[in-house]
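Report on the structure given below.
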Amino acid sequence: KKFFFFERMGTPGSKTTLYDGYDEEYDCPILDEDRVVDELENHMREGGVIVDYHGCDFFPERWFHIVFVLRTDNTILYKRLETRGYNEKKLKDNIQCEIFQVLYEEATASYKEEIVQQLPSNTPEELEDNINQILKWIEQWVKDNK
């Protein structure tokens, strides 16, 4: 039995069109949040889904048992985004978002605070630690909910 379905929301070219135009200023597609929720609803109802996206306020609270917010040092984040070719406005806005903890605050405002976890994401070692921590959480959740 397949326990986990991974949906990367920001990936263009999926079978279903989840975009509603293109943002020239940020040089990226505009996600149609209502279509995303409609598309994922059946998968989420079945359970065992990991959703990877850079925001969460439009996802229904009932979908998640835990929310992980990855945090990155601004200097490291700047270099990562610069390497990806982000334009100056997109780069500046992403750094400000990290400085002001916008995504963490969005998560704690959208879900019960006790299910929102922050994880450092600066190095390959931290990435590996995060994966291991998330896998341990999943294993425990599966045991607790048999």
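The values are calculated or read from the model by the stated rules, or taken from the named source; none is laboratory data. Note that the structure is predicted; figures quoted are calculated from it, not measured. Reconstructed Cβ throughout: ideal geometry from the backbone, glycine too, with neighbour counts over all protein chains shown. Accessible surface is based on the protein model in full, side chains and every heavy atom, while ligands, DNA and RNA are left aside. Shrake-Rupley method; radii C 1.70, N 1.55, O 1.52, S 1.80 Å.
Of all positions in the stretch 60-76, at least one carries a residue that is buried (at least 16 other Cβ atoms within 10 Å of the Cβ), among the aromatic types (Phe, Trp, Tyr), modelled with pLDDT of 90 or more and in a strand (DSSP E or B). Restricting attention to the stretch 69-80, the residues being free of Cβ contacts under 8 Å to residues at least 40 places away in the same chain and within 16 Å of the chain's Cα centre (by Cα) number 1. Against the definition (at pLDDT 95 or above, surrounded by 13 or more Cβ atoms within 10 Å (Cβ to Cβ) and farther than 18 Å from TRP137 by Cβ), how does LEU119 come out, yes or no? Taking the combined requirement at face value, the residue does not satisfy it. Looking only at the stretch 77-88, filter to residues that are of a type outside the set (Val, Ile, Thr) and surrounded by fewer than 17 Cβ atoms within 10 Å (Cβ to Cβ); which one of those is nearest to GLU24 (Cα to Cα)? The extreme case among them is ASN87. If you scan the stretch 130-146, which residues turn out to be without any contact (Cβ under 8 Å) to a residue 12 or more places away in the chain and not hydrophobic (A, V, I, L, M, F, W, C)? ASN132, LYS136, GLU139, GLN140, LYS143, ASP144, ASN145, LYS146, listed by residue number. Taking each residue of the stretch 95-119 that is of a type in the set (Asp, Glu) and looking for partners that are in a helix (DSSP H, G or I) and surrounded by fewer than 17 Cβ atoms within 10 Å (Cβ to Cβ) with beta-carbon atoms closer than 8 Å, six or more apart or interchain, yields GLU98/ASN74. Taken together, the criteria place TYR111 among residues that are touching a helix residue (DSSP H, G or I) at 6+ places or on another chain (Cβ under 6 Å) and open to solvent by less than 80 Å² (accessible area, probe 1.4 Å). Kindly indicate whether any position in the stretch 89-99 is under 30 Å from LYS146 (Cα atoms) and either open to solvent by less than 80 Å² (accessible area, probe 1.4 Å) or in a helix (DSSP H, G or I) (or both). Within the stretch 89-99, not a single residue is under 30 Å from LYS146 (Cα atoms) and either open to solvent by less than 80 Å² (accessible area, probe 1.4 Å) or in a helix (DSSP H, G or I) (or both).
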